[in-house]
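First comes the structure, then the notes that go with it.
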């Protein structure tokens with residue numbers, strides 16, 4: 001009985017293209033459609049029914065985590081709808097669940113409207129670290145899946161993924177995939193990380209750069225000739241870089257700066273913005289391609305200079321959010337209001353839209 005309620009809700013979500021389904025005890029379900037949370041016209045779902053669903057579907061080896069932590073991640077499969085990532089958690093003594101639909105078809109760059117130039121450049125690196133950043137629900141995992149999909153069809157690589165849970169299922173083409181789900185294929189992230197370097201990978205996907213141990217393993221892997229792809233919660237490139245240093249005491253920052261300057265290949269920070277005059281969302285990406293100038297800035301701890309590098313015109317593929325917002329507005333893909341709302345420097349974007357750019361301002365002020 002409890003499964004039927006959830007299955008019908010999940011089928012409805014898939015039919016309408018919802019990315020997430022939110023269930024709170026004694027409330028109707030909610031669907032996230034094009035970024036907005038919409039209530040479903042249905043009776044409230046009894047709290048006992050929500051709890052019973054979790055207890056029925058939870059893999060046996062996850063039960064201890066659920067009982068001890070009051071939260072747990074697992075996967076749920078539904079015929080003709082596919083897989084869902086499930087996060088169940090307690091709130092004020094009752095159970096809530098968030099489902100994320102995991103699409104079976106791995107997307108490509110054109111499907112999502114992504115600029116493939118810098119992403120292809122990152123995917124062809126022989127070693128180093130590439131981070132895809134943004135808020136929850138900004139499409140970080142999907143962008144990485146696009147990169148891996150291109151690699152799979154074009155390069156011979158052994159790719160090992162460490163995920164919690166697995167988001168996309170890859171079928172081997174030119175590359176060979178080994179996808180390890182934490183809690184099922186490996187007992188924990190730390191143990192999976194310790195083993196991954198002995199599994200002869202060319203590329204390692206780490207679902208999330210979550211702590212110091214994960215970052216240190218990524219650095220070690222990059223230094224020994226592996227390409228590491230991962231995600232990080234950060235609102236912009238500068239925040240992404242500085243957040244990595246929060247894992248270490250100040251007396252170790254100089255050493256980490258040196259290692260990161262040698263290993264970091266690029267950072268992509270992504271937002272999803274409402275399409276102008278149509279349903280759906282448009283990706284907006286800030287991109288930092290690490291060249292000699294950026295590497296030296298990281299090594300010397302001159303992180304504030306990176307913002308200027310992003311704002312300046314660049315031939316290496318780097319660009320700031322404002323430069324991308326300007327393009328999206330000019331091409332009629334997003335509204336000016338949404339562009340200004342999501343800009344970290346709305347005043348500068350407003351000037352850009354009037355035809356005034358940093359280089360013009362420098363000439364007006366008589367600076368170089």
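Please treat every number below as a calculation from the coordinates, not as lab data. Everything numeric here is computed off the predicted structure, so don't read it as measured data. Please note: Cβ atoms are built from the backbone with ideal geometry, for glycine as well, and neighbour counts cover all protein chains shown.
Rounded to the nearest 0.05, what FRET efficiency is calculated for residue 8 and residue 210 with R0 set to 30 Å and r the Cβ-Cβ distance? Plugging the Cβ-Cβ distance into 1/(1 + (r/R0)^6) gives 0.30. Set against the labelled values (1) 19.1; (2) 20.5; (3) 17.8, mean projected area of the Cα convex hull in nm² computed from this structure falls on (2). In terms of other Cβ atoms within 10 Å, 45, 203 run from fewest to most in the order 45, 203. At an R0 of 35 angstrom, the distance between the Cβ atoms of residue 188 and residue 354 translates into a FRET efficiency of 0.05.
With everything on Cα atoms, drop me the angle between helix 140-154 and the longest principal axis of the chain, reported from 0 to 90° to the nearest 10. On a 0 to 90 degree scale, this one is about 80. Between the helical axis of 321-330 and the longest alpha-carbon principal axis of the chain there is an angle of about 80 degrees.
Going by neighbour counts of Cβ atoms within 10 Å, the residues 6, 170 line up, fewest first, as 170, 6.
Full extension of the chain between residue 61 and residue 296 yields a length gain of 79.9 nm, computed as 0.36 nm times the residue separation minus the alpha carbon distance. Given a Förster radius of 35 Å and the C-beta distance between residue 80 and residue 154 as r, what FRET efficiency does 1/(1 + (r/R0)^6) yield to the nearest 0.05? With R0 = 35 Å, the Cβ-Cβ based efficiency is 0.65. Judged by the gyration tensor of its Cα atoms, with axes a ≥ b ≥ c, segment 117-242 is rounded; a/c sits under the 1.5 cut. Helical content of the chain, expressed as a calculated mean residue ellipticity at 222 nm, amounts to -11500 deg cm²/dmol (DSSP H runs of 4 or more residues, -39,500 (n - 2.57) each, divided by residue number, nearest 500). Each peptide in 276-282, 138-144 gets a packing score, the mean of other Cβ atoms within 10 Å over its residues, and the list from highest to lowest is 138-144, 276-282. Secondary structure note: in the chain, about 60% of the DSSP beta bridges are antiparallel. Projecting the alpha carbon convex hull of segment 2-102 along each direction and taking the average yields 6.1 nm². The angle separating the long axis of helix 212-223 from the principal Cα axis of greatest extent in the chain is about 60 degrees.
Multiplying the residue separation of residue 341 and residue 258 by 0.36 nm and subtracting their alpha-carbon distance yields 26.3 nm. Take every Cα pair under 8 Å whose residues are at least 6 apart in sequence, average their separation, divide by the length of the chain, and the relative contact order is 12 percent. Centroid-to-centroid, using Cα positions, segment 300-341 and segment 171-238 are 29 Å apart.
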